[in-house]
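Read through the structure below, which is laid out as structure tokens, and then see the notes.
The values are calculated or read from the model by the stated rules, or taken from the named source; none is laboratory data. What you see is a predicted model, and the numbers here were worked out from it, not measured in a lab. Please note: Cβ atoms are built from the backbone with ideal geometry, for glycine as well, and neighbour counts cover all protein chains shown.
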């Protein structure tokens with residue numbers, strides 16, 4: 001282990017997760033060099049192929065990195081069944097809500113520059129959010145509004161305690177009437193125009209008092225635009241994508257890269273795969289850049305972002321955010337509040353990341369302290385600071401039909417640790 005720890009230090013200094021290595025299908029190191037078993041990692045391929053052969057997914061890309069080195073990066077199945085196009089390690093995926101940690105990082109870049117404090121009211125920068133109301137249901141079922149006990153602070157957006165949702169439940173008709181979208185499909189709207197309409201709608205709870213998943217991170221994307229003077233795409237490209245060598249990560253996919261985009265499928269009631277007819281894919285230029293759901297990327301490039309977080313804010317000699325900022329983003333920001341949309345009762349939220357803080361009823365093989373996030377089209381990633389490990393899982397399904405596959409993938413990685 002001592003030899004490996006020396007190797008870790010040299011790895012961090014040398015930045016071996018360089019772009020050339022990450023985009024290559026050749027692993028950067030032997031698994032045994034970083035305490036993993038090649039034979040045991042081989043079980044990943046068997047299980048992924050089984051799910052493809054059974055028609056439960058069209059294709060999958062998996063990536064494992066430990067101690068800053070890729071030890072597994074494989075593709076199985078098809079990216080487009082009808083076109084007989086194979087899935088490849090450089091296939092592109094709509095990462096949906098895996099956009100959220102990236103947008104949160106963009107926000108924290110501005111935070112580090114002294115542009116705002118986390119307790120600042122959002123209305124200081126987006127005036128439409130001043131004096132919010134909360135939607136209240138009386139005993140007889142009548143919906144009324146009451147003044148919120150406090151305004152939404154920036155920290156409430158970062159940890160989903162703002163009272164904003166995706167328009168579920170009692171807010172549904174109001175969100176629909178205001179043409180509030182999730183960011184998963186192209187739009188002629190701008191994020192600024194949509195956020196200003198959203199700001200006039202009642203919240204589902206008083207800010208800071210309950211956790212509700214929704215458009216909080218999209219509002220933060222617009223906050224980045226207001227404070228920086230750039231649109232979110234330009235800011236992320238300049239401050240995150242280009243410095244990290246993420247050349248294939250986009251809000252709008254260039255036409256020449258469209259053939260690399262994995263097609264989106266649904267599992268029908270009969271158990272067959274059906275290609276999504278509309279296939280929302282951010283394929284054409286549009287003015288709405290969704291910080292909560294709007295990015296397309298590859299497994300290897302998202303691993304670069306994850307490695308930057310694992311490296312306490314830097315990669316290949318380039319610092320994106322500070323160690324203390326990473327510490328803040330990956331610490332429990334909820335206190336005793338429960339995050340109902342997470343998997344375990346012990347899961348908490350930092351700023352842009354979910355955190356496993358204690359054992360829970362849905363535990364599988366993993367570590368306490370892992371951080372990560374998921375995407376609506378069945379993409380996953382997690383970072384394990386204890387094991388210095390990153391896992392990335394990419395496929396394209398229209399719902400969480402095969403959530404057990406991602407869970408099995410995590411087990412298959414951890415069972416391969418031998419040192």
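Please find, within region 232-243, the residue that is surrounded by the fewest Cβ atoms within 10 Å (Cβ to Cβ) out of those that are touching a residue at least 12 places away in the same chain (Cβ under 8 Å) and under 14 Å from residue 110 (Cβ atoms). That would be 239. Restricting 196, 200, 176 to residues that are loosely packed, with under 13 Cβ neighbours inside 10 Å, at pLDDT 95 or above and not assigned by TED's automatic domain parsing to the domain that holds residue 94 narrows the list to 200. One residue alone among 153, 193 is out of contact with any strand residue (DSSP E or B) (no Cβ under 8 Å at 6 or more places or on another chain) and more than 18 Å from residue 353 (Cβ to Cβ), and that residue is 193. Looking across region 244-263 at every residue that is assigned to a helix (DSSP H, G or I) and more than 21 Å from the chain's Cα centre (by Cα), the one that is surrounded by the fewest Cβ atoms within 10 Å (Cβ to Cβ) is identified as 256. Among the residues of region 60-100, count how many are in contact (Cβ under 8 Å) with a residue 60 or more places away in the chain, assigned to a strand (DSSP E or B) and either over 22 Å from residue 39 (Cα atoms) or out of contact with any helix residue (DSSP H, G or I) (no Cβ under 9 Å at 6 or more places or on another chain) (or both). So the answer is 6. Restricting attention to region 383-404, the residues being part of a strand (DSSP E or B) and either farther than 26 Å from residue 76 by Cα or in contact (Cβ under 8 Å) with a residue 60 or more places away in the chain (or both) number 8. Filtering 408, 324 for residues that are in the same structural domain as residue 64 (by TED's automatic domain parsing), out of contact with any strand residue (DSSP E or B) (no Cβ under 8 Å at 6 or more places or on another chain), part of a helix (DSSP H, G or I) and crowded, with 17+ Cβ neighbours inside 10 Å leaves a single hit, 408. Of all the residues in region 128-149, those that are under 28 Å from the mean Cα position of the chain (by Cα) and surrounded by fewer than 16 Cβ atoms within 10 Å (Cβ to Cβ) number 1. Residues that are outside any loop (DSSP other than H, G, I, E, B) and either touching a residue at least 40 places away in the same chain (Cβ under 8 Å) or not assigned by TED's automatic domain parsing to the domain that holds residue 378 (or both) within region 48-59 comprise 48, 51, 59, listed in sequence order.
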